[in-house]
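S.K.: The structure that follows is given in the form of structure tokens.
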Amino acid sequence: MRFTVAIDGPAAAGKGTVSKAVAAHFGFAHLDTGLLYRAVAAKVLVGADPVAAAKALTAEDLTGDLRTPAVAQEASRVAVIPEVRTALVDFQRAFAARAGGAVLDGRDIGTVICPEAEAKLFVTASAEVRAERRFLELQGNGLDVTRAGVLADVQERDARDSERSTAPLKPALDAVVIDTSDMSIDEAVAAAIAVIEEKRGDRT
Ligand code: CDP
Ligand code: CDP
């Protein structure tokens, strides 16, 4: 059975956390598409050409130290380049079409990559809440970060992601928006599962 769940939203909204839990709940495969852009960015930071790096991306490139603020910033810069985005489309669409069902999270899944997705969620939260969550996460991983620095990073990326002309960050018209500012992880996951259950029910 093919069933695609598209989860988009701004930086550190909880997309990955919700996506993993949803994938486990329904037995679907999960792809964090931000990792593709982060992997291209990591190559650019050591001198590669962004378009060539995107075209040559392999599964091995998706491992490693990609969760740093420097890589995140560079990812949002390479993500503006239309040829970089084009080079990553086929892989994402093939993943979305997997027989056992798939969850993809990113910025343009419901709008560009999978406009026909059976369920679309836009997971968001206030910039302050998102920055605090990311700050705690990075600090917990031993990175030398400040609250103000992480907030600035998140706001700069959100602006760049929302304002670019190719595949900007925005909810699809048929996406269900989940604002997790005042939700625990469990509440956010339960809200997402409820939306997807309803969409699955529509199909039977
Ligand atoms: O994938 P995305 O960047 O949107 O966010 P994430 O990596 O899933 O979540 C960022 C951080 O916020 C993680 O440390 C989560 O545990 C935390 N989180 C939270 O505290 N409350 C939520 N409702 C969702 C995520
Ligand atoms: O986890 P977080 O939300 O902080 O970032 P991410 O999902 O790993 O994405 C890193 C960057 O990649 C974003 O700021 C976007 O510029 C870009 N991206 C994108 O343009 N399209 C996607 N589908 C996923 C990520």
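S.K.: Quick one: of the DSSP bridges fully inside segment 1-143, what percent are antiparallel, nearest 5?
M.R.: That works out to approximately 0 percent antiparallel.
S.K.: Among the lysines, select those whose C-alpha is under 29 Å from the C-alpha of K120, and discard any that sit fewer than 8 residues away in the same chain.
M.R.: K120 reaches K15, K20, K55, K170, K199.
S.K.: In addition: By average Cβ neighbour count within 10 Å, what is the ranking of 30-39, 188-197, 164-173 from highest down?
M.R.: Top to bottom by mean Cβ count within 10 Å: 30-39, 188-197, 164-173.
S.K.: In segment 1-99, which GluC sites (Glu not before Pro) fall in coil by DSSP and have 11 or fewer other Cβ atoms within 10 Å?
M.R.: Qualifying residues, ordered by number: none.
S.K.: Would you compute, for the Cα atoms of the chain, the largest minus smallest coordinate along each principal axis and list the three values in descending order, in whole Å?
M.R.: So the extents along the principal axes, rounded to whole Å, are 51, 37, 30.
S.K.: Can you pull out the GluC sites (Glu not before Pro) in segment 111-195 that DSSP calls coil and that have at most 12 other Cβ atoms within 10 Å?
M.R.: E116
Here, each number is a calculation from the coordinates, and none is a lab measurement. The structure presented is a predicted model; accordingly, all values stated were derived computationally and were not measured. Methodologically, a virtual Cβ is constructed for each residue, glycine included, from the backbone with ideal geometry; neighbour enumeration extends over all protein chains shown.
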